[in-house]
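Some notes on the structure that comes next.
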Amino acid sequence: MYNLTAEDVLTALKSVVDPAKNTDVVSLGMVQGLAVKDGHVSFALEVAPKDGRSKEPLRLAAEKVVLALKGARSVSAVLTAHRAASAPPPKRASLNAQMQTDAAPRAGAPERQGPPGVKAVVAVASGKGGVGKSTVAVNLAVALNQLGLSAGLLDADIYGPSIPRMLGLTGKPTSKDGKKLQPMQAWGLKAISIGSLIDEDQPMIWRGPMVMTALTQLIYDVEWAPLDVLVVDMPPGTGDAQLTLAQRVPLAGAVIVSTPQDIALIDARKGLAMFKKTHVPIFGIVENMSTFVCPNCGHEEHIFGHGGARETATKLGADFLGEIPLHIAIRETSDGGTPITARDPQSPQAKAFRSLAERVAAKLEAGDTRPAPRIVIE
Ligand code: ADP
């Protein structure tokens, strides 16, 4: 297969002319964040905020010429609004300042729709790694499926994609038409992992645009439809990648995972704050590794303390979504590629995940979701 290069793409884009200026998009400096990998191309077209959606035909034309190139397998172009010359630069040093700058809705901003045929996208997030976020995301998705909702799972954890291991997925996703990727299938779920698209042996520095393009591709260029809910296993923490996702994807809501330890709760607060700032509805906090249940005698022990997440949730005005016990069966099944919810649906551990899923489903059903924020992509 011909190895498509960024130069090929730029050459092709030179034939796309903005009629308002009678100049091509490359010469106008509109093409930003171009990424080409294995025939998958993504880039942004920068437009003035006031032009917003009127530039949609230009975006479509740009996608079309690139897709026609030899070796092009998929193309994702997004419109972004550039900052007015007089506006102050974003204060990168302060997360809060950055979030306010980036997340503030502005008139005329291009608005990103959710992936077609997907009714709701729910983020599972945590303020730090190792709290069981991926375990919760996997079992929540399976449990939602068991409740009768068609569910998908997107592993967006660029720092440590673990969904293939937890679902027992091997190989790479394929494409029928060379444009859209087919999600993989496991335990009744459609699933895809950013781990399938990156070479894990190669050290990768995921800078802003690369993270953006890879994640955008996984959301929009995968054949998800039809789906009631797409669960996104977010990268841990509250950095750029998280902000990118929270801003780019119209999230119906976010589930924050925390362990009972104080330090993790502090991190959970940061997670909450991030979603609040980006106007993503917060479904609530779930306490993972809540109570240790001895697999031999059933004795319960609160190794990390207990109830902290409930308290934090109450204090911060968020709902408490329940407790998941610390149990060896959860670790063994998720690390063995057979989530406990699928392997042993009648176990108390699976029931804990199902009751979480019921709460999330109720939130979705109740339309407990404000409209997605209109975000200007900087
Ligand atoms: P994160 O996504 O937050 O980094 P993971 O979901 O990868 O965390 O979980 C980290 C480890 O903890 C995994 O080995 C997982 O199997 C284990 N684990 C997560 N939740 C539980 C639980 N409730 N009981 C037992 N082990 C758990």
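Each value in this text was obtained by applying a stated rule to the coordinates, not by laboratory testing. Note that the coordinates shown come from a computational prediction; the quantities given were computed from them, not determined experimentally. All Cβ positions, glycine included, derive from the backbone under ideal geometry; neighbour counts span all protein chains shown.
One table, with the values for the structure above:
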| quantity | calculated |
| --- | --- |
| For ASP157, ASP51, order by how many other beta-carbon atoms lie within 10 Å, fewest first | ASP51, ASP157 |
| Reachable lysines, given that their alpha-carbon falls under 26 Å from the alpha-carbon of LYS179 and they are not under 8 places away in the same chain | LYS14, LYS37, LYS55, LYS64, LYS70, LYS119, LYS190 |
| Stretch gain in nm, segment GLN32-ALA6, where the contour uses 0.36 nm per residue and the Cα spacing is subtracted | 8.2 nm |
| Distance from the stretch 241-300 to the stretch 133-194 (C-alpha centre basis), Å | 20 |
| For the stretch 1-40: rounded, prolate or oblate by the Cα gyration tensor [a/c cutoff 1.5] | prolate |
| Ranked list, fewest to most other Cβ atoms within 10 Å of each Cβ, for ILE328, ILE256 | ILE328, ILE256 |
| Modelled FRET efficiency - R0 30 Å, LEU147 with GLU332, Cβ distances, 0.05 increments | 0.80 |
| Theoretical gain in end-to-end length, ASN296 to GLU365 [0.36 nm per residue, Cα-Cα removed] | 20.9 nm |
| 5 angstrom amide H check on GLU46, placed H, neighbours 5+ away | VAL31, GLN32, THR80 |
| Order of PHE283, PHE320 under a 10 Å beta carbon neighbour criterion, fewest first | PHE320, PHE283 |
| Potential lengthening between ASP24 and LYS176 on full extension [0.36 nm per residue; Cα-Cα distance subtracted] | 51.5 nm |
| Global size of the stretch 281-345 as Cα Rg and Dmax, reported in angstrom | 13.7, 40 |
